[in-house]
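Written below as structure tokens is the structure these notes are about.
The values are calculated or read from the model by the stated rules, or taken from the named source; none is laboratory data. All of these numbers come straight from a predicted model, not from anything done at the bench. No Cβ is skipped: glycine too gets one built from the backbone with ideal geometry, and neighbour counts run over all protein chains shown. Heads up: the accessible areas ignore ligands, DNA and RNA and are worked out on the full protein's heavy atoms, side chains in. Shrake-Rupley method; radii C 1.70, N 1.55, O 1.52, S 1.80 Å.
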Amino acid sequence: GDKLPVTNVNWYDAILFCNSLSKAQGLTPCYSLNGTTDISEWGERPEHSQWSEWSAIRCNFDANGYRLPTKEEWLYAAKGGENLKYSGNEYASGVAWHKGNSERTPHEVGEKFPNGYGLKDMSGNVWEWCWDHYDIYSTDMGGSFSDDPRFCIIDGRSGSIPMTTRTSSLGFRLFRSN
């Protein structure tokens, strides 16, 4: 019954969830490590190291399972076919939970107005993990309930360390390829 966004998950937690959900629904998992999509064969999940064997995870974008979006896919979805400052509006409060209206806590998903594609919460509420890596950081997009609205703009981005970052202001959104 809880409609809050999933938070307090690191990038690897999100990857594991994607493959597990894909397998449970009879879909082809997107992520592999050392040639296998079977997460039970991947070994211990990295927790405190900035480098691990898990840095070699690969994504098969042709697979029909669940995955994290690339930064570019996330941006395309957030724009919703429109050219607006925030996902679905020129003004943050109509589409985003941010520092000024959230009481600094995440809110149930879907309470704000949608963008042109009908997607909600692409601006604000929680940052969302993306597939992309830059050095040791993974990209997170969209801003959060604890940020100033200027961070909730469509191309607002941050970077977090995949294995250690778990916060109440960072979650993920699932994508699937057709």
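Just to verify a result, which residue in segment 43-81, among those that are over 21 Å from Ser160 (Cβ atoms) and without any contact (Cβ under 8 Å) to a residue 40 or more places away in the chain, is most open to solvent (accessible area, probe 1.4 Å)? So that I can check it myself, show each step before the final result.
At the first step, the residues of segment 43-81 found to be over 21 Å from Ser160 (Cβ atoms) are 43, 60-65, 76, 79-81.
In the following step, the residues that additionally are without any contact (Cβ under 8 Å) to a residue 40 or more places away in the chain were identified as 43, 60, 76, 81.
Working: Gly43: 51, Asn60: 74, Tyr76: 151, Gly81: 66 Å².
Only one residue fits best here, namely Tyr76.
Restricting the search to segment 1-32, which residues are of a type outside the set (Phe, Trp, Tyr), open to solvent by less than 20 Å² (accessible area, probe 1.4 Å) and touching a helix residue (DSSP H, G or I) at 6+ places or on another chain (Cβ under 6 Å)?
Asn19
When you scan segment 163-170, do you find a residue that is open to solvent by 30 Å² or more (accessible area, probe 1.4 Å), under 19 Å from Ser93 (Cβ atoms) and assigned to a loop (DSSP other than H, G, I, E, B), even just one?
Among the residues of segment 163-170, not one is open to solvent by 30 Å² or more (accessible area, probe 1.4 Å), under 19 Å from Ser93 (Cβ atoms) and assigned to a loop (DSSP other than H, G, I, E, B), which makes the answer no.
If you check Asn19 against the conditions, is it in contact (Cβ under 8 Å) with a residue 40 or more places away in the chain and on the phi > 0 side of the Ramachandran plot? Reasoning before the result, please.
Numbers: in contact (Cβ under 8 Å) with a residue 40 or more places away in the chain: yes; on the phi > 0 side of the Ramachandran plot: no.
No: the conditions fail for Asn19.
Only residues in segment 136-150 that are farther than 16 Å from Ser87 by Cα and among the aromatic types (Phe, Trp, Tyr) count as the first member; pair them with residues that are open to solvent by 10 Å² or more (accessible area, probe 1.4 Å) and at pLDDT below 95, Cβ under 8 angstrom, at least 6 apart or cross-chain, and list the lot.
So the pair list comes out as Tyr137/Gly159; Tyr137/Ser160; Tyr137/Ile161.
List the number of the failed condition for Trp127; all other conditions in (1) closer than 16 Å to Leu4 by Cβ; (2) open to solvent by 30 Å² or more (accessible area, probe 1.4 Å) hold.
(2)
Pick out the one residue from Ser32, Ser102, Ser40 that is free of Cβ contacts under 8 Å to residues at least 24 places away in the same chain, among the small types (Gly, Ala, Ser) and out of contact with any Gly (no Cβ under 7 Å at 6 or more places or on another chain). Before the answer, list the steps.
On the way: Ser32 fails: free of Cβ contacts under 8 Å to residues at least 24 places away in the same chain; Ser102 fails: free of Cβ contacts under 8 Å to residues at least 24 places away in the same chain.
From the options Ser32, Ser102, Ser40, the qualifying one is Ser40.
Answer yes or no as to whether Asp140 is under 16 Å from the mean Cα position of the chain (by Cα) and closer than 27 Å to Ser52 by Cβ. Steps first, please.
Working: under 16 Å from the mean Cα position of the chain (by Cα): yes; closer than 27 Å to Ser52 by Cβ: yes.
Spelling it out, Asp140 is indeed under 16 Å from the mean Cα position of the chain (by Cα) and closer than 27 Å to Ser52 by Cβ.
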